[in-house]
Amino acid sequence: MELLKNKVLQEGKVLSGKVLKVDSFLNHQMDPVLMKEVGREFTRRFDGERITKVLTIESSGIAPGIMTALELNVPMIFARKQKSLTLREDIFVEKVFSFTKQETNEITVSRKFIQPGERVLIVDDFLANGEAAFGLARIVEQAGAEVAGIGIVIEKAFQPGRRVLKEAGYRVESLVRIGSLEDGQVTFAEDGE
Ligand code: G4P
Ligand code: NA
Ligand code: NA
């Protein structure tokens, strides 16, 4: 997606060789015009998938998630993150380990919002190791629903997330794929695998 590539080149800041800071349009200040285009592009790519719901995770997944859900005309759910919680029967819970932050979070979704047989599109802002997306997929499957696909705004193709998700059988669509952040430079990966 050309608009997004330009935004990454113009406003992205490389922190270390591994982290891209995009707080001017995605992770802090958010660009609604860009998010609208993100929603349209995911809708185009997942056309025909009979999606009934969009699932994302707080907080940075919410903007691309809601714009995609608006375009698809379906509801959006965001999984909540919490450090610990008492067991409750009305929620789906999965553990997600963040390599970036070196911590485990429990992510939760109320059982009442995903029904068996639904076709759920997972959307997230970043794909690194794939832990968050995989946790969301496990929640969809706990609910007896199907993962229609995984839509990622920015994929770091030098990390194993895509491979992990594809090996588990999921379709992954990323709007930009970053091949390298070495030497403070953003280099895009070729489309495809
Ligand atoms: P994974 O889910 O793919 O395994 O990724 P990881 O645990 O490493 O990511 C932890 C958090 O860091 C996530 O945000 C993820 O979106 C974010 N992240 C990972 N790599 C980058 C990067 O290069 N740049 C930026 N800006 N973020 C990155 P989170 O903790 O869920 O926070 P939130 O922003 O959604 O609130
Ligand atoms: Na994030
Ligand atoms: Na996220």
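Checking each residue in the range 116-130 for being over 25 Å from residue 157 (Cβ atoms) and outside any strand (DSSP E or B) picks out 116, 117, 118.
Results for (1) more than 16 Å from the chain's Cα centre (by Cα); (2) more than 23 Å from residue 144 (Cα to Cα); (3) at pLDDT below 95, shown as yes or no for each residue.
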{"site": "14", "(1), (2), (3)": "yes, yes, no"}
{"site": "26", "(1), (2), (3)": "no, yes, no"}
{"site": "42", "(1), (2), (3)": "no, yes, no"}
{"site": "48", "(1), (2), (3)": "yes, no, no"}
{"site": "52", "(1), (2), (3)": "yes, no, no"}
{"site": "76", "(1), (2), (3)": "no, no, no"}
{"site": "106", "(1), (2), (3)": "yes, no, yes"}
{"site": "109", "(1), (2), (3)": "no, no, no"}
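The residue of the range 153-182 that is nearest to residue 140 (Cα to Cα), among those that are assigned to a helix (DSSP H, G or I) and without any contact (Cβ under 8 Å) to a residue 60 or more places away in the chain, is 165.
Scanning the range 51-66 for residues that are under 13 Å from residue 136 (Cα atoms) and touching a helix residue (DSSP H, G or I) at 6+ places or on another chain (Cβ under 6 Å), we see that the one that is nearest to ligand 3 (Cβ to nearest atom) is 57.
Within the range 97-131, being within 14 Å of ligand 2 (Cβ to nearest atom) and charged (D, E, K, R) holds for 101, 103, 124, 125, 131.
Highlighted here are the strands (runs of 3 or more DSSP E) found entirely within the range 1-115 that include at least 3 residues which are surrounded by 13 or more Cβ atoms within 10 Å (Cβ to Cβ): 19-21, 53-57, 76-82, 91-98, 103-110. Cβ-Cβ distances below 9 Å connect the following pairs, each with a first residue in the range 55-81 that is under 17 Å from residue 25 (Cβ atoms) and touching a residue at least 24 places away in the same chain (Cβ under 8 Å), a second residue that is assigned to a helix (DSSP H, G or I) and among the acidic types (Asp, Glu), and a separation of six or more residues or different chains: 67/37; 68/41.
Applying the condition of being in contact (Cβ under 8 Å) with a residue 40 or more places away in the chain and within 11 Å of residue 79 (Cα to Cα) to the range 94-122 and asking which residue is farthest from ligand 3 (Cβ to nearest atom) yields 113. Out of the residues in the range 154-193 meeting the condition of being β-branched (Val, Ile, Thr) and touching an Asp or Glu at 6+ places or on another chain (Cβ under 9 Å), tell me which one is nearest to residue 122 (Cα to Cα). My answer is 172. Candidates 135, 149: the one that is outside any loop (DSSP other than H, G, I, E, B), within 16 Å of ligand 3 (Cβ to nearest atom), within 16 Å of the chain's Cα centre (by Cα) and not hydrophobic (A, V, I, L, M, F, W, C) is 135.
The values are calculated or read from the model by the stated rules, or taken from the named source; none is laboratory data. These numbers were taken from a predicted model, which means no experiment stands behind them. Note that each Cβ is placed from the backbone with ideal geometry, even for glycine, and that neighbours are counted across all protein chains shown.
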